[in-house]
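Peer 1: Sharing a structure below in structure tokens format, with a few things to ask.
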Amino acid sequence: MTARIIDGKQVAAEMRAELKAEVARLKEQGIIPGLGVVLVGDDPASKSYVTAKERACEEIGIYSDDNRLDASISQRELMALVEKMNGDPKINGILVQSPLPDGLNEPEVVLAIDPAKDVDGFHPVNVGKMVIGEKAFWPCTPHGIIQMLIHSGVTIEGADIVIVGRGNLVGKPLANLLIQKSNMGNATVTVCHTRTKNLSNHTKRADIVVAAVGRPNTITADMVKDGAVVIDVGVNRVEDATKKRGYRLVGDVDFETVKEKASLITPVPGGVGPMTITMLLYNTVESAKRAAGLDV
Ligand code: GUN
């Protein structure tokens, strides 16, 4: 079987068109959703993610407040900026790009963000509400993966889903969302990690495999069953002298061989990445609606 490619850019474009129309309707009521963006230091990957997020805001009409700070900024100054944004009515969402440079206390910064503006869904209040199934901002990458599955016609309810990776950004929250008693959940989920005894024993019986470990070729063709759905969250830079910039991006999945066995597969780039940004836009619009007292 040769897999159908899940075009994350296409799904994202459809959702962004809907959001753009909604932002236009909100503007007629005097509501302009705003996102405060904080990038500390000059990590090239973080810079390109933040630029992509700000460009996406502009495209759909969300105001973005850009804050690019030197890596030498103190914890106190960074906390003061977050506090300022918490109190700024023009800002509905606060995004502090992770990871912060060494020397800054990231958990403390996340904790300082007003949970009502935590459009990343990283604040413990939102994480806790998500786990117990209360209304909360869902983290963008897990939510984007679920939206992509739904848009591709994949049945989540009752599916055996194996997530490889137990990180706080993807593995843990995705597992929580997929086991919720809801029309986006009801799956049977296994989370595998570096101490899992026989990884392929698990992945081989999965209807859906999600790879979120940050290492190329972690999932190979022999590790997936025929017809499986394969979601690749990895974004890894590998040296490539044929490219002008000297590297290319690959996921965690050996795409060329796995696509011959799967029924559906996401590419890297152009798979999960555009969905993550789309869900950030979605959360920011939701936050603006809530702040305006609109019932959401
Ligand atoms: N770093 C990698 N992914 C993310 C994300 O979704 N949000 C933030 N704030 N930082 C990240």
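The values are calculated or read from the model by the stated rules, or taken from the named source; none is laboratory data. Note that the coordinates shown come from a computational prediction; the quantities given were computed from them, not determined experimentally. For neighbour counting, all protein chains shown are included, and Cβ atoms are generated from backbone atoms with ideal geometry for every residue, glycine included.
Peer 1: For region 51-90, what are the residues that are of a type in the set (A, V, I, L, M), closer than 20 Å to Ser287 by Cα and under 20 Å from the mean Cα position of the chain (by Cα)? Working first, answer last.
Peer 2: Our first condition is that a residue be of a type in the set (A, V, I, L, M); within region 51-90, this holds for 52, 56, 60, 62, 69, 71, 73, 78-82, 85.
Remaining after also requiring closer than 20 Å to Ser287 by Cα: 56, 60, 62, 81-82, 85.
Selection gives Ala56, Ile60, Ile62.
Peer 1: Right, here's the next one. Just name the residue that is nearest to the ligand (Cβ to nearest atom) out of those in region 261-287 that are polar (S, T, N, Q) and within 13 Å of Arg16 (Cβ to Cβ).
Peer 2: Of the residues in region 261-287, the ones polar (S, T, N, Q) are 263, 266, 276, 278, 283-284, 287.
Subset that is within 13 Å of Arg16 (Cβ to Cβ): 276, 278, 284.
Working: Thr276: 6, Thr278: 12, Thr284: 12 Å.
Among those that are polar (S, T, N, Q) and within 13 Å of Arg16 (Cβ to Cβ), it is Thr276.
Peer 1: Is it the case, given these coordinates, that Asp65 is buried (at least 16 other Cβ atoms within 10 Å of the Cβ), out of contact with any Ser or Thr (no Cβ under 9 Å at 6 or more places or on another chain) and closer than 20 Å to His123 by Cβ?
Peer 2: It is true that Asp65 is buried (at least 16 other Cβ atoms within 10 Å of the Cβ), out of contact with any Ser or Thr (no Cβ under 9 Å at 6 or more places or on another chain) and closer than 20 Å to His123 by Cβ.
Peer 1: With more than 22 Å from Ile91 (Cα to Cα), in contact with a helix residue (DSSP H, G or I) (Cβ under 7 Å, 6 or more places away or on another chain), at pLDDT 95 or above and basic (Lys, Arg) as the only criterion, which of Lys20, Lys9 stands out? Show your work before the answer.
Peer 2: Details: Lys20 fails: more than 22 Å from Ile91 (Cα to Cα).
Being more than 22 Å from Ile91 (Cα to Cα), in contact with a helix residue (DSSP H, G or I) (Cβ under 7 Å, 6 or more places away or on another chain), at pLDDT 95 or above and basic (Lys, Arg) holds for just one of Lys20, Lys9, which is Lys9.
Peer 1: Can you confirm whether region 57-76 contains a residue that is outside any helix (DSSP H, G or I), away from the ligand (no atom under 14 Å from the Cβ) and free of Cβ contacts under 8 Å to residues at least 12 places away in the same chain?
Peer 2: Checked region 57-76: at least one residue is outside any helix (DSSP H, G or I), away from the ligand (no atom under 14 Å from the Cβ) and free of Cβ contacts under 8 Å to residues at least 12 places away in the same chain.
Peer 1: Check every one of the strands (runs of 3 or more DSSP E) wholly within region 209-296 and list those with 1 or more residues that are polar (S, T, N, Q).
Peer 2: Of the strands (runs of 3 or more DSSP E) lying wholly inside region 209-296, those with at least 1 residues that are polar (S, T, N, Q) span 236-239.
Peer 1: Is it the case that Asn168 is within 14 Å of the ligand (Cβ to nearest atom), over 14 Å from Thr276 (Cα atoms) and within 12 Å of the chain's Cα centre (by Cα)?
Peer 2: Working: within 14 Å of the ligand (Cβ to nearest atom): yes; over 14 Å from Thr276 (Cα atoms): yes; within 12 Å of the chain's Cα centre (by Cα): yes.
The answer is yes for Asn168.
Peer 1: Out of everything in region 90-124 that is over 17 Å from Asn67 (Cα atoms) and not in a helix (DSSP H, G or I), what residue ends up being farthest from the ligand (Cβ to nearest atom)?
Peer 2: Gly103
Peer 1: Can you name the residue in region 223-258 that is farther than 19 Å from Gly144 by Cβ and of a type in the set (Gly, Ala, Ser) and, of all such residues, is surrounded by the fewest Cβ atoms within 10 Å (Cβ to Cβ)?
Peer 2: Ala241
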